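Chemist: Please read through the structure below; I'll follow up with questions.
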Amino acid sequence: MTEQECTRRTYRLELQRAVPHGILESAGSTFLLLIAVRYFQAGATAKALIASGGSVGLMLAPAVVSLVARRRWPAAQAAAGFAAGGAGIFLLLGLVPWLPLYVVGSIAGMTAATAVIPLMTQIYQDNYPDERRGKLYSRAVMLRIAVHAGFSELAGRLLETDIRRSRLLLFLFAAAFAVAAWRLTRYPSGPLHDEGGTHPFRAMRYVREDRLFRHTLMCWMLMGFANLMMLPLRIEYLGNPKYGLNLSVQQIALLIGVVPNLARLAMNQVWGVLFDRMNFFTLRVVLNAGFALSILTFFFSSTLTGLVAGAIIFGISNSGGDVAWGLWVTKLAPAARVADYMSVHVFFTGLRGVIAPVVAFHLAGVYSLPTLGVLSAVLILLASLLLIPEIRWFRNVRPGGRVVEGVPE
């Protein structure tokens, strides 16, 4: 198969996989937690665990990459296996409505969705040309966002009439996983580059060896922790009666799942082109500013107009964040090590994703949500300031290129 044929086939399959991917994205961002709040009336610990479910998979990503590389499995086939496992888990959750099982199953199901992200990034690296990678990637993301928004609206209406229909929703998530697994088996992909060694977290050495990679991860940790801390609190803010809003399920789905995703959809292609052409660190600082503004706007609003404005700003920023988060290691890592670098990146994303919701829900019992919003904005500002020195350095790298051998000490 020629490079052009690989690109066309990968792109076509990505568009097809975007449909079930969008449905599953709505599970992780909105409905698993919403079901916990409204159907199971779960406590703070259960809600925090469910909110951090996908982050567990991210933390396991280095071990998954190491295992797939050692076994010489094709990356797409390994990802298909995880998706099939996710289908079985959500089928079980729909059959057995029991809170402890729901908490564990939600974590396991979203782990199946996120642990394979570095494998997909390696596929994009191998099958998409450098000069068009962001553009091609963002087109599939656009479809995923449209499905996410549309499904969120329909699912919100479904649960609004009867929250017990959440079991039907879990069956739909199982079906989405099954379709994703079917499509993944068709991707052109080969085994990952194996540098030897059996330690499941061997890729962590790049944090020590590559100064720029380490510095970027530190800045991303500050920004990501602040953002992930406030994400689940959006649902808490809108749905918990103690904050005075107490919106309906359909209204929450609209503000969390529909409005931000319509904004993401409108801007996604723009951010894809900017990723291909713009200084990456400048792009990251601009996105950080948008996230900070969205948090302040949302949590300092008590009117529908303010909440919608905050949701729109978040959606625009998140649209660029989709592309930057998913592809940035292709700008820095050697081509053969993209999956390794990405696994480290998603590990730290998972680490903050596990900690941030727990911290958020417990701090929310002591401080007001606007106060936590200000704290998050300050952390994001600090992360941006730390990235500014790297903007000048990145200008010396050829446009659209990557750092061929990393930046050693």
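Chemist: Cα extents of the chain along the three principal axes, largest first, in whole Å?
Modeler: 54, 44, 37
Chemist: Next up: Within a Cβ distance under 10 Å of Gly321, other residues only, what is the Lys/Arg minus Asp/Glu net charge?
Modeler: +1
Chemist: Moving on to the next point. To the nearest 20 debye, what charge dipole does the range 116-269 have about its Cα centre, counting +1 at the Cβ of each Lys and Arg and -1 at the Cβ of each Asp and Glu?
Modeler: The calculation lands at about 160 debye.
Chemist: Here is a follow-up. For Arg38, Arg17, what's the largest-to-smallest order of accessible area, 1.4 Å probe?
Modeler: Arg38, Arg17
Chemist: Taking springs between alpha-carbon atoms closer than 10 angstrom, which of Ser29, Ser368, Ser152 fluctuates most in the Gaussian network model of the chain?
Modeler: Among Ser29, Ser368, Ser152, the largest mean-square fluctuation in the Gaussian network model of the chain belongs to Ser368.
Chemist: Between Phe201 and Leu382, how high is the FRET efficiency from 1/(1 + (r/R0)^6) when r is the Cβ-Cβ distance and R₀ = 30 Å? Nearest 0.05.
Modeler: 0.60
Chemist: Taking the Cβ of Met223 as the centre, find all other residues whose Cβ is under 13 Å away and add up their charges (Lys, Arg: +1; Asp, Glu: -1).
Modeler: Around Met223, the surrounding residues sum to +2.
Chemist: Excluding ligands and nucleic acids, what accessible area in Å² is computed for Ile355 using a 1.4 Å probe, to the nearest 10?
Modeler: Here the accessible area works out near 80 Å².
Chemist: Also: Using a Gaussian network model of the chain with C-alpha springs under 10 Å, which one of Val346, Val147, Val366 is most mobile by mean-square fluctuation?
Modeler: Looking only at Val346, Val147, Val366, the largest GNM fluctuation is found for Val366.
Chemist: Need the C-alpha centroid separation for the range 59-107 versus the range 278-340, integer Å.
Modeler: Measuring centre to centre over Cα atoms gives 27 Å.
Chemist: Based on the alpha-carbon gyration tensor of the range 325-377, what equivalent-ellipsoid semi-axes (square roots of 5 times the eigenvalues) come out, in whole Å, largest first?
Modeler: Output for the range 325-377: semi-axes of 33, 12, 5 Å.
Chemist: For the charge dipole of the chain, defined by +1 on Lys and Arg C-beta atoms and -1 on Asp and Glu C-beta atoms about the Cα centroid, which residue among Val354, Ser189, Leu159 has the Cα displaced farthest towards the positive pole?
Modeler: Ser189
Chemist: How far apart, in nm, are the 7 Å Cα→Cβ label points at Met221 and Arg277?
Modeler: Between Met221 and Arg277, the simple spin-label model gives 3.6 nm.
Chemist: Per the 1.4 Å probe, what fraction of the accessible area of the chain, in percent, lies on carbon and sulfur atoms?
Modeler: 65
Chemist: While we're looking at this one, here's another question. Quick one: putting +1 on the C-beta of Lys and Arg, -1 on the C-beta of Asp and Glu, what dipole do you get for the chain around its Cα centre, in Debye to the nearest 20?
Modeler: Magnitude of the dipole: close to 260 debye.
Chemist: How far apart, in nanometres, would the label points at Asp130 and Arg71 be if each is projected 7 angstrom from Cα along the Cα-to-Cβ direction?
Modeler: Label-label distance for Asp130 and Arg71, simple model: 3.3 nm.
Chemist: State, as an integer percentage, the relative contact order of the chain based on alpha-carbon contacts under 8 Å between residues 6 or more apart.
Modeler: Dividing the mean separation by the residue count of the chain yields 27 percent.
Chemist: Residues with beta-carbon under 11 Å from that of Arg17, excluding Arg17: net charge, scoring Lys, Arg +1 and Asp, Glu -1?
Modeler: Neighbourhood net charge equals +3.
Chemist: Cut-off under 28 Å on the C-alpha distance; same-chain residues fewer than 8 positions from Lys135 excluded. Which lysines are left, in chain and number order?
Modeler: Answer for Lys135, where 28 Å is the Cα cut-off: Lys331, listed by chain and number.
Chemist: In addition: Output wanted: per-residue J couplings in Hz (rounded whole) for the range 204-216, from phi through Karplus 6.51 cos²θ - 1.76 cosθ + 1.60, θ = phi - 60°, x for Gly and Pro.
Modeler: Going residue by residue, I get 4, 5, 5, 5, 6, 7, 10, 4, 5, 4, 5, 5, 5 Hz, with x marking Gly and Pro.
The values are calculated or read from the model by the stated rules, or taken from the named source; none is laboratory data. For clarity, every value in this text was computed on a predicted model and none was experimentally measured. Reconstructed Cβ throughout: ideal geometry from the backbone, glycine too, with neighbour counts over all protein chains shown. These area figures cover heavy atoms from the full protein model, side chains too; ligands, DNA and RNA do not enter into them. Shrake-Rupley method; radii C 1.70, N 1.55, O 1.52, S 1.80 Å.
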